[in-house]
Amino acid sequence: MEGDIFSGFGNGTEVDGKVLQTFQKSFVQVQGILDQNRLLINEINQNHESKIPDNLSRNVGLIRELNNNIRRVVDLYADLSSSFTRSMEASSEGDSAGTFKSDGKASQKRIRSG
């Protein structure tokens with residue numbers, strides 16, 4: 001995984017492969033929904049331009065579907081953010097407890113709040 005954007009965070013350890021699989025799966029899901037949204041928007045625009053009553057009525061359902069898809073994307077990104085935060089906290093747990101100086105004496109790391 002050399003050169004991967006997720007390798008080498010914090011204490012120099014690589015992010016777990018399972019975490020990367022989760023990210024990959026979520027990004028693929030998001031991209032699929034965004035692709036579907038592009039098609040929905042195109043259809044909505046065509047229906048609007050046609051000014052045919054049945055097509056305009058159909059837009060109500062299409063816009064609802066679009067809104068639901070947008071909610072799903074927001075939820076997926078929120079889950080990704082939480083997963084990323086948890087994985088970074090887990091990978092830095094070893095660093096936050098305390099370290100040894102080069103002279104062998106223990107030192108406590110200060111954790112900044114922020």
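Structure above, values below:
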| quantity | calculated |
| --- | --- |
| Inter-site label distance for Gln21 and Ile41 at 7 Å from Cα along Cβ, in nm | 3.4 nm |
| Estimated FRET transfer efficiency (Val28, Leu62; beta-carbon r; R0 25 Å; 0.05) | 0.60 |
| Contour excess over end-to-end distance, with Cα ends at Arg86 and His48 and 0.36 nm allotted per residue | 9.2 nm |
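We did not get these values from a lab; they are worked out from the coordinates using the rules stated. All values reported here derive from a predicted model rather than from experimental measurement. Note that each Cβ is placed from the backbone with ideal geometry, even for glycine, and that neighbours are counted across all protein chains shown.
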